[in-house]
1. Return the pairs, sorted by first residue and then second, in which the second residue is outside any strand (DSSP E or B) and buried (at least 16 other Cβ atoms within 10 Å of the Cβ), the first residue lies in region 47-63 and is at pLDDT below 80, the beta carbons are less than 6 Å apart, and the residues are 6+ apart or on different chains.
2. Is it the case that region 28-38 has a residue that's surrounded by 13 or more Cβ atoms within 10 Å (Cβ to Cβ) and farther than 16 Å from ALA129 by Cα?
3. Out of curiosity, is ALA115 farther than 28 Å from ALA12 by Cβ, touching a Leu at 6+ places or on another chain (Cβ under 8 Å) and not polar (S, T, N, Q)?
4. Are there strands (runs of 3 or more DSSP E) fully within region 42-98 with at least 2 residues that are in contact with a Pro (Cβ under 9 Å, 6 or more places away or on another chain) and surrounded by 15 or more Cβ atoms within 10 Å (Cβ to Cβ)? List them.
5. Report, ordered by the first and then the second residue, all pairs with beta carbons closer than 7 Å, sequence separation of six or more or different chains, a first member in region 115-137 that is under 14 Å from MET21 (Cα atoms), and a second member that is surrounded by fewer than 16 Cβ atoms within 10 Å (Cβ to Cβ) and of a type outside the set (Lys, Arg).
6. Residue under question is LYS9, and the condition is that it be of a type outside the set (A, V, I, L, M, F, W, C), under 18 Å from GLU124 (Cα atoms) and in contact with a helix residue (DSSP H, G or I) (Cβ under 6 Å, 6 or more places away or on another chain); does it hold?
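The values are calculated or read from the model by the stated rules, or taken from the named source; none is laboratory data. Keep in mind that what you see is a predicted model, and the values were worked out from it rather than measured. Positions of Cβ are backbone-derived with ideal geometry, glycine not excepted, and every protein chain shown enters the neighbour counts.
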Amino acid sequence: MSKFESSIKKVAYPQENVYKMLSDLSNIERVRDRIPEDKLKDLTFDSDSVSITSPMGPVTLRVVERDEPKCVKFEAEQSPVPMNLWIQMLPTSETESKLKVTIKADLPFFMAAMAKKPLEEGVEKIAEALATIPYDV
């Protein structure tokens, strides 16, 4: 199992706001205008899952655990490789928090070298995007 972690990102909103937004994936609708147009055509979601088409093929992530207010865990239902993703949120003050994204993927040996850099970059891009979302509830 390979593990990929983003750097820690500061968020200008309280931990509770971040958790409420990220634990209900139907909130993606509120930030749809921030998603690059080329990614929208394959994006589908409901309150518990999100599906996209990645360079490696279709990926569907489903929420498998909500640990209010500090973590949301996802598991791949449809993916080229078995994987989990989780988003951790911690308060830094009453009005700010920080987050980190982690992916664990069961990469076959022959894919590990090829997939390492895209997964490292992907986990970082996800964290950067999550850090810039408005979490007004």
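1. These pairs meet every condition: MET56/PRO80; GLY57/PRO80.
2. No, because not a single residue in region 28-38 is surrounded by 13 or more Cβ atoms within 10 Å (Cβ to Cβ) and farther than 16 Å from ALA129 by Cα.
3. yes
4. Fully inside region 42-98 and qualifying: 49-54, 71-78, 83-91.
5. Final answer for the pair search is ILE133/VAL31.
6. yes
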